[in-house]
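Everything below concerns the one structure shown next.
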Amino acid sequence: MKRKWLIGLASAAMVCTLAFGFAACGGDDTSADDAKTAQDAISAVKLEYLDSLGSTPSDFEVWGQTLVGEVNVPITWSAAAKDAGVTIGDYVTIGEKNATTGLVPISITRGEVDIAYTLTATAQVGEAKASTSFNCTIPLLERMSGDVSFDFKDVKYADYSGENYGKLDNASTLAILQAAGGADSSLTAVTATNLYGGTDGTSGGIGGVTDGYVKFGKSAEGGVLSLTFAKPVNKVQVKAQGWKDG
């Protein structure tokens, strides 16, 4: 009886060992599959961005996920400055993944010097992770040489009616200034409020504004012209003279 009990115990121990052995083997297979899926995902990311992530002068988007077989693998991103004295958060901001597009926005702020940094993508499946890094540079924000001067001799009009005769809107003002300042002015946007143009250079415009000038404001209302440049500008030169109605 004692012998049978020992044999039974041994048999039970063997069954437990085999059961744990099978479980361990199944876990190893899953880990290996996860590792391969993560690596395949990161290989796809590397192939996608190998040639495009180098110079990053402006905002861009990157994958926040990618499909490997039937597995949707999340991709997370991080940035690190190569110069220990640089705070990368001042220049690179990584946003949240867009739930609709699956893309992650990365905002870039340019400074007075080139900023070298590493952008790292990490794919995770289960406990398995795989990463790849890209060497990137934010080019310095170049200052324009010289000043910006605009000539209004080719002013056109946005509105020919009533007291708004010769009134300029944002679109027409931008077109005029881009042409007058040349492509090197890097002028990208304007906001024109109560701004009026001259006419044909002989009869004058509203308030006697003539060719080559624009009128800021009317009556008691002031005029405002805001200029937005893609590059820092040292000085904008405006030629002005007094005016009055009549």
(message) Quick check on segment 40-61. Is at least one of its residues modelled with pLDDT under 95, over 25 Å from D114 (Cα atoms) and charged (D, E, K, R)?
(response) no
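State all residues of segment 93-108 that are under 25 Å from D83 (Cα atoms) and surrounded by 14 or more Cβ atoms within 10 Å (Cβ to Cβ); if no residue qualifies, say none. Working first, answer last.
Here is the first cut: in segment 93-108, the residues under 25 Å from D83 (Cα atoms) are 93-95, 104-108.
Residues satisfying the conditions are T93, I94, G95, V104, P105, I106, I108.
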(message) Considering only residues that are at pLDDT 95 or above and open to solvent by 70 Å² or more (accessible area, probe 1.4 Å), which ones fall in segment 109-119?
(response) none
(request) Say whether the condition of being surrounded by 12 or more Cβ atoms within 10 Å (Cβ to Cβ) and at pLDDT below 95 is met by at least one residue in segment 15-27. (result) no
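The values are calculated or read from the model by the stated rules, or taken from the named source; none is laboratory data. The model shown is predicted, which means the values in this text are computed figures rather than measured ones. Every residue, glycine as well, gets a Cβ built from its backbone with ideal geometry; the counts of neighbours run over all protein chains shown. Each accessible area value is taken on the protein alone, full model and side chains, heavy atoms only, with ligands, DNA and RNA left out. Shrake-Rupley method; radii C 1.70, N 1.55, O 1.52, S 1.80 Å.
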